[in-house]
Amino acid sequence: MIRQTKHASTAHCTLPIYMGFLMTEPHSISCTQLAETYQISHDSMNRFLERENNCPQNLYKEAMQ
């Protein structure tokens, strides 16, 4: 995998949740919307984005696997 984590995981948000959200909600992408959709905390989403080093190319490659 190309992704590199910055810190150990403490968030409830995961890469499959994040990618699923991006693929199903192309017009309202926000931490708040994801938190409401998946019933996780907004802070969990923020921690996930801070911890992960995701660029569009890496997410695309991950989705294609």
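Observations, loosely collected:
- Rg/Rg_ref, region 19-65, where Rg_ref = 2.2 N^0.38 Å and atoms are Cα: 1.17
- Protein heavy-atom surface of region 21-65, 1.4 angstrom probe: 52% of the accessible area is carbon and sulfur, with nucleic acids and ligands not counted.
- Packing rank of 13-21, 51-59, where each peptide gets the mean count of other beta carbons within 10 Å, highest leading: 13-21, 51-59
The values are calculated or read from the model by the stated rules, or taken from the named source; none is laboratory data. All figures in this text were calculated on a predicted structure; none of them were measured in a lab. We place every Cβ from the backbone using ideal geometry, glycine too, and count neighbours over all the protein chains shown. Side chains are part of the model used for accessible areas, which takes the heavy atoms of the whole protein and leaves out ligands, DNA and RNA. Shrake-Rupley method; radii C 1.70, N 1.55, O 1.52, S 1.80 Å.
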